[in-house]
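Down below is the structure, laid out as structure tokens.
The values are calculated or read from the model by the stated rules, or taken from the named source; none is laboratory data. Bear in mind that the values here come from a model prediction, so they are computed numbers and not experimental data. When we count neighbours, we look across all protein chains shown, and the Cβ atoms used for this are built from the backbone with ideal geometry, even at glycine. Ligands, DNA and RNA are excluded from the accessible area calculation, which covers all protein heavy atoms including side chains. Shrake-Rupley method; radii C 1.70, N 1.55, O 1.52, S 1.80 Å.
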Amino acid sequence: QVQVVESGGGLVQPGGSLRLSCAVSGIIFRSNAMGWHRQAPGKQRELVARIFSSGSTNYADSVKDRFTISRDNAKNTVYLQMNSLKPEDTAVYYCNTYPVRRDYWGQGTQVTVSS
């Protein structure tokens, strides 16, 4: 059984930073590309960053140069370091494999950027 547990969200002021974590069990983590997605109220879920098994990364234009995705294969965990946060980054953040598996979505972690 696959489990995906996101954590690290919270309330932060504009310009602040947060580090999200996603612990995954039940898959061969090191062999999978992983992605971080977000869904803001009234909007579709969007992919913001992905990391391949090789360690190479891609980012959405909206977060490039502010967010950094990384992985620790020994801990079966993927991270998202978010710097220079903006109010438009407010969303529930989820991780999943890439390509996504419908049955791998976790509960997500809420990120709110507000003064």
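Calculate the length of the line joining the C-alpha centroid of the stretch 1-48 to that of the stretch 49-76, in whole Å.
Centre-to-centre (Cα) distance: 11 Å.
Can you compute the charge dipole magnitude of the chain about its Cα centre, using +1 on each Lys and Arg Cβ and -1 on each Asp and Glu Cβ, nothing else charged? Give it in debye, rounded to the nearest 20.
Numbers: 13 positive and 8 negative charges, 34 e Å.
That gives a dipole near 160 debye.
Leaving out same-chain residues fewer than 8 places away, which lysines sit with a Cα under 19 Å from that of Lys86?
In chain and number order, the partners are Lys43, Lys64.
Determine the order of Asp89, Asp103, Asp61 by accessible area, beginning with the largest, at a probe radius of 1.4 Å. Don't jump to the answer; show the numbers that get you there.
Numbers: Asp89 0, Asp103 100, Asp61 130 Å².
Sorted by accessible area, descending: Asp61, Asp103, Asp89.
Just need the relative contact order of the chain here, percent rounded to a whole number, with Cα pairs under 8 Å and 6+ apart. Don't skip to the end; give the middle numbers.
Values: 271 pairs, mean separation 42.5, N = 115.
Contact order relative to length: 37 percent.
Name the aspartates and glutamates eligible as straight-distance cross-link partners of Lys75: C-alpha to C-alpha under 15 Å, and not fewer than 8 places from it in the same chain.
Within the straight-line limit of under 15 Å, Lys75 reaches these aspartates and glutamates: Glu6.
Summarise the accessible area of the chain (1.4 Å probe, protein heavy atoms) by the percent that is carbon and sulfur. Can you show the working numbers first?
Details: 2790 of 6300 Å².
So the carbon and sulfur contribution to the accessible surface is 44 percent.
Order Tyr79, Tyr98 by their accessible area, 1.4 angstrom probe, all chains in place, largest first.
Tyr98, Tyr79
So what is the accessible area of the stretch 1-58 per residue, in Å², with the probe set to 1.4 Å? Write down the numbers at each step before the final one.
On the way: 3240 Å² over 58 residues.
Value returned for the stretch 1-58: 56 Å² of accessible area per residue.
Select from Ile28, Ile69, Ile51 the residue whose mean-square fluctuation is largest in a Gaussian network model of the chain (Cα-Cα springs shorter than 10 Å).
Checking each option, the largest mean-square fluctuation is seen for Ile28.
Can you sort Val2, Val78 by 1.4 Å-probe accessible area, starting with the largest?
Values: Val2 40, Val78 0 Å².
Reading off the accessible areas and sorting them downward yields Val2, Val78.
With every protein chain present, what accessible area does Ser31 have (1.4 Å probe, heavy atoms only), rounded to the nearest 10 Å²?
In the full protein context, Ser31 sits at about 80 Å².
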